[in-house]
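Some notes on the structure that comes next.
The values are calculated or read from the model by the stated rules, or taken from the named source; none is laboratory data. As the structure is a prediction and not an experimental result, all values here were calculated from the model. Cβ placement follows ideal geometry from the backbone for every residue including glycine, while neighbour counts extend to all protein chains displayed.
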Amino acid sequence: MNSSPRSSYGGAGSTDPTTPRRNSKRPKYSKFTQQELPACKPILTPRWVISAFLLVSVVFIPIGVASLFASRDVVEIVDRYDNACVSGSKSDMIRYIQTPGDKTCKRTLKVQKHMKAPIYIYYQLDNFYQNHRRYVKSRSDEQLRYNKSASETKACKPEDVTGNGNPIVPCGLIAWSLFNDTYSFAMGSKNLSINKKDISWKSDRDHKFGKDVFPKNFQNGTLIGGAHLNESIPLSEQEDLIVWMRTAALPTFRKLYGRIEQDLQPNDTINVVLQNNYNTYSFNGKKMLVLSTTSWLGGKNEFLGIAYLTVGGLCFFVAMLFSLIYLFKPR
């Protein structure tokens, strides 16, 4: 009985890479597509799991402690003044802020701890939703960057053009609502100078605001807005505007106003003269003046330290729990 000769080609299901392909549409053999790559799967033994949790706790707990100490080294003075400068009902406050005239308000701040220069000056707003979709989109980045794009105002309504159709530069609700409270500081008869240079991001000054773009028709509309801009200074040098145009993600936020370049000693008394111009009364907002030092981690923020300690503590607790289970009930 004669045996059938062997086929010289591989079958349809052959995976031998040396076998010539019968069907030209068959994909090229690959260990990757055939899932034949070498693989490694860790075996999670109790010792490995306990060691991993202990390692996380050993790393996270010291970082959390260091972060908390750094945050507590920051000295802050926070003074709410919107309700202290104006008294009466809400309608009285709105009437006061919308009536033209001098709105000078004097405040006194007491330094409790040594504050090392530079001391950063912030204004803080509460209940102000800069993250509202319509508000965030109400700007023209092309107009802010290029002088030739002054007429690019289609996204800026209702602050896009004046009554006679001339474009507003910078246009939009963000620029229109620019914060316009001002502060001056003194200790006794000596004025404390405020350094407002480089309070904005360098990348914003260099790339988002043009050196040849100047304000035009700004705050000339029918709606009452915020601060005015000097029309002889390009937008790239209007740092209060640049700081304000970087919108905040949360309704409570701080924005940098300037720096005091000298140390303040305990029990120093700072006299503040401010112009209470900005209208937060119509939406139940709050205004605060903040003086703050910094640490290697930045400003005062205990959340990061607490988060690291919480994660590290939980990992340590789980490691101890698994250790007890492994000791008393081994598998």
Handout entry: Residue under evaluation Leu297, criteria (1) within 21 Å of Leu192 (Cα to Cα); (2) surrounded by 16 or more Cβ atoms within 10 Å (Cβ to Cβ); (3) not small (Gly, Ala, Ser), criterion not met
Key = (1)
Problem - For Ile97: the one exception among (1) out of contact with any strand residue (DSSP E or B) (no Cβ under 8 Å at 6 or more places or on another chain); (2) of a type in the set (A, V, I, L, M); (3) free of Cβ contacts under 8 Å to residues at least 60 places away in the same chain - result: (3)
Exercise for the section: Could you tell me whether any residue of the range 270-282 is part of a loop (DSSP other than H, G, I, E, B), in the same structural domain as Lys208 (by TED's automatic domain parsing), over 30 Å from Phe214 (Cα atoms) and in contact (Cβ under 8 Å) with a residue 60 or more places away in the chain? Expected result: no
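I need a count of the residues in the range 161-216 that are of a type in the set (Asp, Glu) and either touching a Leu at 6+ places or on another chain (Cβ under 8 Å) or free of Cβ contacts under 8 Å to residues at least 12 places away in the same chain (or both).
First, pick out the residues of the range 161-216 that are of a type in the set (Asp, Glu): 181, 198, 204, 206, 212.
Next, only the ones that are either touching a Leu at 6+ places or on another chain (Cβ under 8 Å) or free of Cβ contacts under 8 Å to residues at least 12 places away in the same chain (or both) stay: 181.
Count: 1.
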Practice task
Give just the number: which of (1) in a loop (DSSP other than H, G, I, E, B); (2) surrounded by 13 or more Cβ atoms within 10 Å (Cβ to Cβ) does Gln35 not satisfy?
Solution key: (2)
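Restricting attention to the range 104-161, report how many residues are among the acidic types (Asp, Glu), touching a helix residue (DSSP H, G or I) at 6+ places or on another chain (Cβ under 8 Å) and at pLDDT below 95. Step through it out loud before you land on a result.
Start the filter on the range 104-161 by keeping residues that are among the acidic types (Asp, Glu), which leaves 126, 141-142, 152, 159-160.
Subset that is touching a helix residue (DSSP H, G or I) at 6+ places or on another chain (Cβ under 8 Å): 142, 152, 159.
So of that shortlist, the ones also at pLDDT below 95 come out as 152, 159.
Going through the range 104-161 one residue at a time, the tally reaches 2.
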Exercise for the section: Out of the residues in the range 142-159 that are touching a strand residue (DSSP E or B) at 6+ places or on another chain (Cβ under 7 Å) and part of a loop (DSSP other than H, G, I, E, B), state the one that is surrounded by the fewest Cβ atoms within 10 Å (Cβ to Cβ). Expected result: Ser151
Handout entry: Odd one out for Lys157 among (1) within 22 Å of Ser292 (Cβ to Cβ); (2) in contact with a Gly (Cβ under 9 Å, 6 or more places away or on another chain); (3) among the basic types (Lys, Arg)
Key = (1)
Practice task
Quick one: count up the residues across the range 232-267 that are surrounded by 16 or more Cβ atoms within 10 Å (Cβ to Cβ) and out of contact with any Phe, Trp or Tyr (no Cβ under 9 Å at 6 or more places or on another chain).
Solution key: 2
Exercise for the section: Among the residues of the range 104-120, count how many are surrounded by fewer than 17 Cβ atoms within 10 Å (Cβ to Cβ) and either in a loop (DSSP other than H, G, I, E, B) or not assigned by TED's automatic domain parsing to the domain that holds Gly225 (or both). Expected result: 6
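What are the residues in the range 163-189 that are polar (S, T, N, Q) and in contact with a Gly (Cβ under 6 Å, 6 or more places away or on another chain), if any? Steps first, please.
Filtering the range 163-189 for residues polar (S, T, N, Q) gives 164, 166, 177, 180, 182, 184, 189.
Matches in the range 163-189: Ser177, Asn180.
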Handout entry: Selected residue (criterion: surrounded by the fewest Cβ atoms within 10 Å (Cβ to Cβ)) from residues of the range 187-225 that are touching a strand residue (DSSP E or B) at 6+ places or on another chain (Cβ under 8 Å) and β-branched (Val, Ile, Thr)
Key = Ile194
